[in-house]
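Chemist: First, the structure itself, so that you have it in front of you.
What follows draws every value from the coordinates through simple rules; no lab data is involved. Not measured: the values here are computed from a predicted model.
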Amino acid sequence: MAIQTATFGRSEGGLKTLKSNLQSQCSSMKNKLRGKEYKELISVINANWAGADAYDWKNDLSAKIQEVEKALSTLSTKSQGLLDSDLASFKSFQAKNVK
């Protein structure tokens, strides 16, 4: 994962940017898992490898990809929840300081 820059200094805007960047990166990584390279790999396997072992290998690969997809979804969901909680805490703190 390569979040290039994130400005998070206890500001609502910085926090929203961080959330957006994180969600975008997780989504991008999930899309790449079954993207062009994956399709090319499966195509090469189908063209050059036959039998039960090829079928099993492709199924194993698919299962591992699903595990990574699930982990990325969990990361995205949990981090969004944590960032939302932090934002609520920050807003509460700010509201107490501004009168």
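Chemist: Just subtract the alpha-carbon distance of Lys91 and Lys32 from 0.36 nm times their residue separation and send over the number in nm, one decimal.
Modeler: Gain on extension, Lys91 to Lys32, equals 17.6 nm.
Chemist: Then there is this: Quick one: compute the contact order of the chain, relative version, from alpha carbon pairs under 8 angstrom and 6+ residues apart, as a percent.
Modeler: The value is 35 percent.
Chemist: Using Cα positions and a limit of under 29 Å, work out the lysines in reach of Lys39, with same-chain residues fewer than 8 apart set aside.
Modeler: Leaving aside lysines fewer than 8 places away in the same chain, those within reach of Lys39 are Lys30, Lys58, Lys64, Lys70.
Chemist: Can you give the extra length, in nm with one decimal, that the chain gains between Gln80 and Glu40 once fully stretched, where that is 0.36 nm per residue apart less the Cα-Cα distance?
Modeler: On the way: separation 40, 0.36 × 40 = 14.40 nm, distance 3.33 nm.
Net length gain for the segment: 11.1 nm.
Chemist: Under 25 Å Cα-Cα from Lys91, which lysines qualify once same-chain neighbours fewer than 8 residues away are excluded?
Modeler: Lys91 reaches Lys16, Lys19, Lys78, Lys99.
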